[in-house]
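Report on one structure; see the data block that follows.
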Amino acid sequence: MSNPVLDLAADPVDLTAALVDIESESRNEAAIADAVEEALRRQTTGFEILRHGNRVLARTNRGVGRRVILAGHLDTVPVAGNLPHRRETHPEEGDVLHGCGTVDMKSGDAVFLHLAATLDEPASDLTLIFYDCEEIAAEFNGLNDIERELPDWLTGDVAILGEPTAGLIEAGCQGTLRVRLSATGTRAHSARSWMGDNAVHKLGGLLTTLSAYEARRVDIDGCEYREGLSAVAVSGGVAGNVIPDAAHVDVNFRFAPDRSIDQALDHVREVFAADLADGVSLEVTDSAAGALPGLAHPAAAALVEAAGGRFRAKYGWTDVSRFSALGIPAVNLGPGDPNLAHRVDERVPVAQIRAVTDLLRSYLS
Ligand SMILES: [Zn+2]
């Protein structure tokens, strides 16, 4: 089969549809990377273009004093009978494009590719980064490879990730910390329970602490972040006639980006201080730093201005925080309702693809 040919200069809605029809489940991005690379080489001028595994990078080097990074992943979650794309009129949402990746995030990729081919003399230097393996475990994320092997491609004044935000600027992101709180006791026959020491009972105080916990809301740069401390799993028990000698609760703390991972951990230790003093142990099982919104930076402020001053906080963890860790203010901005991502009925309103294209065109012109 011959490779699909993309037309970057055409309507970004049609370009989204063409990208959607190149199936690209994580680890299977070669075909879409080929098509994107070929189209960038054929239809852009003034870009240095680099192929690196299944990553495609392109940048201008005009030395105009400001550099904007536009980044998007090329992979999708597994197809769920929702390819090829379908375009139709939805009773409430109007003209929509259906299909795997329409929201997450080939519409965002399409906007970036279209702008690269059609903006002449943008006011900023541009770096485009299309990467692989975002939808699987973080260790496989293509940005890791770029950070390790091509660090000079990750410099800029602001990074825009085209993840779905329904066309709104979403700044920063919350951090996440997972800990396992474990209690131990002494095993015994439950007919002689006084001979044992029940580990499950020792979780009672922890669970009470969790249900009474009042999560903080904090305003940073005009974005409100709302934290959460939640039990996400509980486990313990040996058999129906045994006093259990071990039990644990997994707790996830989603924290605002004014706390570091260490500070978040200190907070969690403080919350469970009484239980820890009683012999419960705490083990960190997973963590990822948040990202400050960084909207005060001039390049980010200009983007907010182009969006009519509208922005909000991002709750989930996204690749924004990787850029933030490199000292680059980063936001999410892309077409599509994030709640529809990864769903069988994934669909994007055509008007949002056009709106994000127009917003970025005016920002970059
Ligand atoms: Zn995504």
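Only the coordinates and a few stated rules stand behind these numbers; no lab work does. Just so we're clear, the structure is a prediction, and the values are computed from it rather than from any experiment. Note that we place each Cβ from the backbone using ideal geometry, even for glycine, and neighbour counts take in every protein chain shown.
Please state the charge dipole magnitude for the chain, taken about the Cα centre, from unit charges on C-beta atoms (+1 on K and R, -1 on D and E), reported in debye and rounded to the nearest 20.
600
Dimensions of the chain from C-alpha coordinates, computed as largest minus smallest value along each principal axis and given longest first, are 80, 45, 45 Å. Here the extension length gained between A274 and R87 equals 61.6 nm, from 0.36 nm per residue of separation less the Cα-Cα distance.
Rounded to the nearest 0.05, what FRET efficiency do A296 and A191 give with R0 = 45 Å and r taken as the Cβ-Cβ distance? Could you check? Here the calculated transfer efficiency is 0.10. What residue among L74, L206, L113 shows peak mean-square fluctuation when the chain is described by a Gaussian network model with Cα springs under 10 Å? In this elastic network of the chain, the residue with the biggest mean-square fluctuation among L74, L206, L113 is L206.
Per residue, the average separation of C-alpha pairs within less than 8 Å and at least 6 apart gives the stretch 175-288 a relative contact order of 42 percent. Kirkwood hydrodynamic radius computed over the stretch 175-288 comes to 15.2 Å, based on all pairs of distinct alpha carbons.
PRE reach from V234 (point 7 Å along Cα→Cβ): which of the stretch 191-226 fall under 16 Å by backbone N? Counting backbone N atoms under 16 Å from the label point, the list is 198-213.
Computed from label points 7 Å out along Cα-Cβ, the spacing between E305 and R343 is 3.7 nm.
Where Rh denotes the Kirkwood radius from the mean inverse Cα pair distance, what is Rg over Rh for the stretch 113-188?
Using only Cα positions, Rg/Rh for the stretch 113-188 is 1.19.
Based on Cα contacts under 8 Å between residues 6+ apart, the chain shows a relative contact order of 23 percent. Expressed to the nearest 5 percent, the antiparallel share of DSSP beta bridges inside the chain is 75 percent.
Using the Cβ-Cβ distance between A31 and D11 with R0 set to 22 Å, the FRET efficiency from 1/(1 + (r/R0)^6) comes to roughly 0.50.
Springs between Cα atoms under 10 Å define the GNM used for the chain, and in it the highest mean-square fluctuation of V284, V56, V111 occurs at V284.
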